[in-house]
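Input: a single structure, listed below in structure tokens.
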Amino acid sequence: MTTKQTNIVLIDDHKLFREGVKRILEFEPSFAVVAEGDDGYSAADLVEEHAPDIVLMDINMPQMNGLEATTDLVKRFPDVRVIILSIHDDDRFVTHALKSGAQGYLLKEMDSDSLIEAIKAVREGGSYLHPKVTHNLVREYRRLAEETDFGASVAEPSISFHKPVHLLTSRECEVLQLLADGKSNRAVSETLYISEKTVKNHVSSILQKMDVNDRTQAVVLAIRKGWVDVQI
């Protein structure tokens, strides 16, 4: 069965960074960078001309930044899916990116596996946040959950930690905790001394059992239910 080609437009004002990203994407046969731009204003014209599946969008650019460009793209081209590329791991930037309509948020310190994984997840209709960003978001969620009780701080946490052994295997519980800790698949494999392929199989099983579309949704659901221990 032939995999459908994923057409990608890359918007970033640093040419050397664009070249590095293109070299990574060339290793994935189903990916094709069909156009490049160096500012937010060029994004709409390139999307209109090439009708890409994915736009990789730098967040910091002159003239029009990536968030403004993403808001414009989503309004004009509802089918396009945007992944923000950023140096900022602050949850405020992530929140603004998601509000602008982006389906993914990657830090520029990403490894090649994370980039490819993000594009595949977003292409299939899911979302993807850099593992470090996911950890920051769920940590903030837990902080707010523990501090909010009729508007006042409470002495005892409102979320108690318990492993979901009724749903997941012991190994899957370990993997889920490491995802909440902000570990990439490679870092999980190194921590548990298992292969990355085995990690991916565990993640797929976790998503299926938790009935979610991607790892971000899995971690957010886990923190809501108290299935992972997130340090504040």
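General observations
- Some residue of the range 47-54 being crowded, with 17+ Cβ neighbours inside 10 Å and either free of Cβ contacts under 8 Å to residues at least 60 places away in the same chain or in contact with a Cys (Cβ under 8 Å, 6 or more places away or on another chain) (or both): yes
- Filter result for Glu19 (among the charged types (D, E, K, R), at pLDDT 90 or above, assigned to a helix (DSSP H, G or I) and under 30 Å from Ser189 (Cα atoms)): yes
- Here Lys183 passes the criteria (1) closer than 16 Å to Ala121 by Cα; (2) in contact with a Pro (Cβ under 9 Å, 6 or more places away or on another chain) except the one numbered (1).
- Residue in the range 189-227 that is nearest to Asp113 (Cα to Cα), counting only those that are buried (at least 16 other Cβ atoms within 10 Å of the Cβ) and in contact with an Asp or Glu (Cβ under 8 Å, 6 or more places away or on another chain): Ser189
- Being under 16 Å from Tyr128 (Cα atoms), within 19 Å of the chain's Cα centre (by Cα) and open to solvent by less than 50 Å² (accessible area, probe 1.4 Å) is a description that applies to Leu106.
- Considering residues of the range 143-177 that are at pLDDT 90 or above and aliphatic (A, V, I, L, M) only, the residue farthest from Asp90 (Cα to Cα): Leu168
- Among the residues of the range 17-30, just one is open to solvent by less than 20 Å² (accessible area, probe 1.4 Å), over 20 Å from Thr70 (Cα atoms) and either in contact with a helix residue (DSSP H, G or I) (Cβ under 8 Å, 6 or more places away or on another chain) or of a type in the set (D, E, K, R) (or both), namely Leu25.
- For the range 1-16, filtered to residues that are open to solvent by 50 Å² or more (accessible area, probe 1.4 Å) and not acidic (Asp, Glu), the residue that is farthest from Asp58 (Cα to Cα) is Met1.
- Residues of the range 32-46 satisfying the condition of being open to solvent by 20 Å² or more (accessible area, probe 1.4 Å) and within 20 Å of Val122 (Cα to Cα): Ala32, Val33, Val34, Glu36, Leu46
- Residues of the range 30-56 classified as part of a loop (DSSP other than H, G, I, E, B) and either of a type in the set (Ser, Thr, Tyr) or over 22 Å from the mean Cα position of the chain (by Cα) (or both), total: 4
- Any chance Lys75 is within 25 Å of Ser204 (Cβ to Cβ), out of contact with any Asp or Glu (no Cβ under 6 Å at 6 or more places or on another chain), modelled with pLDDT of 85 or more and not in a strand (DSSP E or B): no
The values are calculated or read from the model by the stated rules, or taken from the named source; none is laboratory data. Note that the structure is a prediction, hence the values are computed from the model and not measured. A quick note on method: Cβ atoms are made from the backbone with ideal geometry, for glycine too, and the neighbour counts reach across all protein chains shown. Note: accessible area is taken over every heavy atom of the protein model, side chains too, but ligands, DNA and RNA are not part of it. Shrake-Rupley method; radii C 1.70, N 1.55, O 1.52, S 1.80 Å.
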